[in-house]
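Below: the structure, in structure tokens.
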Amino acid sequence: MGCTGCSTASVGLPGGCNNNGSCGAGESGCKKLKVFDWLANMELPGGQPPFDIIEIRFKNSRKDFYRNVHSIQLHVGDAVAVEASPGHDVGVVSITGELVRLQMRKKGIPANAEDIKKVYRKAKPNDIEKWQEAQNMEQSTMYRARTIAIQLNLQMKISDVEYQGDKTKAIFYYTADERVDFRELIKVMADEFKVRIEMRQIGARQEAGRLGGIGSCGRELCCATWLTDFRSVSTSAARYQQLSLNPMKLAGQCGKLKCCLNYELDSYIDALKDFPEINNVKLETEKGKAFHQKTDIFKRTMFFSYAEEPDNFIALSVERVKEVMEMNKNGIKPQGLEVKPEIKIVEKKLDYENVVGQDSLTRFDKAKKSKHKNKKRNKEGNPNKQNVNQNVVNENKRENKPNDPVNNRNNNNKPKQNNNNKQHINQNNKQ
């Protein structure tokens, strides 16, 4: 089942968005210009009756206040039939209770005003069916009205059409740069559509709010979601925020300056109060004259450059710029814009967190080096040491060499001497 704004078709699907009951339009769709009732859970003091005026929302951003003269129990989202001129209209309840009193006070509408219209009843099924038929006729009526306006050579643009709930009246919203005489247009459209015609001129911002769209920021337009009061926006707002005066970037969907230029304007104005006025003011130094290039407002930094070096930007604080300007007024020229940095002696503080100074949490993470690889690397890296070791080995082998004549001579003499001694001993024993 769809919401009351989209209504429900015969097959159980919403007639407007066909979103199968899971409305994802959010603030820009059926809940357009929704107001959060933060007083809904608060009980009234004993004996005080509830506020008898409610706020009703109609197509797009049109809202109005109506008096609940019959004390009908109404809730947010209920479809109601209200007084219109002529006949009756159908809308949706957007706010009830004490929050309506605050909204009326904000808009300057007294609660005891006599021109506040009445709420007739909750919408009946017949009222809702006729209301749905009127909504289905709006788009075709708008196209036909545009065709008639072109045939009559009228310099106007019909942007939207809204039928009354009982289909007895249609409101045509249009924009025009000049005054338009649409008396002939009303006669032709009254004969064409068989309803009472009301022409209502709106501005470009109101047109964008009714039609909606996506801004350059990637989000839906503020005027189509929550913005209700359209304040004038001037190019001075862009100058205060150091923005380039490019109309292609500063203009919104409506062709006017973006409303969001006013959002942070007060913060920029407060930040610029301490900045010196440097319009056509040059700082004179011994190196030459320096002129202003740009300003970083929230960092309180101003960039200057010398006339001989326009590409070399020098960042100065606001206090330094004021100091140089005051010196120029007194006829003094500083040596340069830059301030010489002061040399500060920083005493080294003892750190007692690591007393030993060698303990490291990652000392076991390093892999140990192999001794075999180190030996091999030493051999390859020192060829003289390798030759010395090889000579020593060769000498040792030569000492134990069996074919050496010196060794053989010594070895032959030793066993012979031993045999002679043995023979001499044996002869003595025999005797």
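Of the numbered criteria (1) at pLDDT 50 or above; (2) out of contact with any Cys (no Cβ under 9 Å at 6 or more places or on another chain), the one Gly77 fails is (2).
Among the residues of the stretch 73-114, those identified as more than 39 Å from the chain's Cα centre (by Cα), small (Gly, Ala, Ser) and part of a loop (DSSP other than H, G, I, E, B) are Ala84, Ser85, Gly87, Ala111, Ala113. When the stretch 202-231 is filtered for residues that are farther than 14 Å from Gly252 by Cβ, open to solvent by 30 Å² or more (accessible area, probe 1.4 Å) and not β-branched (Val, Ile, Thr), the ones remaining, listed by number, are Trp226, Asp229.
Would you be able to say whether some residue in the stretch 279-289 is touching a Ser or Thr at 6+ places or on another chain (Cβ under 9 Å), open to solvent by less than 30 Å² (accessible area, probe 1.4 Å), touching a residue at least 40 places away in the same chain (Cβ under 8 Å) and not in a helix (DSSP H, G or I)? Taking every residue of the stretch 279-289 in turn, none turns out to be touching a Ser or Thr at 6+ places or on another chain (Cβ under 9 Å), open to solvent by less than 30 Å² (accessible area, probe 1.4 Å), touching a residue at least 40 places away in the same chain (Cβ under 8 Å) and not in a helix (DSSP H, G or I). Considering the stretch 122-145, the residues that are open to solvent by less than 30 Å² (accessible area, probe 1.4 Å) and of a type in the set (D, E, K, R) include one that is nearest to Ala208 (Cα to Cα), namely Glu138. Out of the residues in the stretch 146-174 that are open to solvent by less than 20 Å² (accessible area, probe 1.4 Å) and assigned to a helix (DSSP H, G or I), state the one that is farthest from Gln201 (Cα to Cα). By that ranking, first place goes to Ile148.
Going through (1) out of contact with any strand residue (DSSP E or B) (no Cβ under 9 Å at 6 or more places or on another chain); (2) open to solvent by less than 50 Å² (accessible area, probe 1.4 Å) one by one, Pro110 falls short only on (2). For Glu129, are the conditions met, namely being in a helix (DSSP H, G or I), of a type in the set (Asp, Glu) and under 42 Å from the mean Cα position of the chain (by Cα)? The answer is no for Glu129. Of all residues in the stretch 118-150, exactly one satisfies the criterion of being of a type in the set (Ser, Thr, Tyr) and within 12 Å of His88 (Cβ to Cβ), namely Tyr120.
Within the stretch 34-43, the set of residues being open to solvent by less than 70 Å² (accessible area, probe 1.4 Å) and closer than 11 Å to Glu98 by Cα comprises Asp37, Leu39, Ala40. Filtering the stretch 242-256 to residues that are of a type outside the set (S, T, N, Q), over 20 Å from Ser159 (Cβ atoms) and in contact with a strand residue (DSSP E or B) (Cβ under 7 Å, 6 or more places away or on another chain) leaves only Leu250.
Scanning the stretch 249-278 for residues that are in contact (Cβ under 8 Å) with a residue 24 or more places away in the chain, in contact with a helix residue (DSSP H, G or I) (Cβ under 9 Å, 6 or more places away or on another chain) and among the aliphatic types (A, V, I, L, M) yields Leu257, Leu261, Leu265, Ile269, Leu272, Ile278.
Checked against (1) hydroxyl-bearing (Ser, Thr, Tyr); (2) touching a Gly at 6+ places or on another chain (Cβ under 7 Å); (3) within 30 Å of Met42 (Cβ to Cβ), Thr168 passes all but condition (3).
Name the residues in the stretch 174-196 that are in contact with a strand residue (DSSP E or B) (Cβ under 6 Å, 6 or more places away or on another chain) and without any contact (Cβ under 8 Å) to a residue 40 or more places away in the chain, would you? Answer for the stretch 174-196, where residues must be in contact with a strand residue (DSSP E or B) (Cβ under 6 Å, 6 or more places away or on another chain) and without any contact (Cβ under 8 Å) to a residue 40 or more places away in the chain: Tyr174, Thr175, Phe182, Ile186, Ala190, Val195.
The values are calculated or read from the model by the stated rules, or taken from the named source; none is laboratory data. Since the model is a prediction, treat every value here as computed from it, not as a measurement. Neighbour counts are summed over all protein chains in view; Cβ atoms, including those assigned to glycine, are modelled from backbone coordinates with ideal geometry. Note: accessible area is taken over every heavy atom of the protein model, side chains too, but ligands, DNA and RNA are not part of it. Shrake-Rupley method; radii C 1.70, N 1.55, O 1.52, S 1.80 Å.
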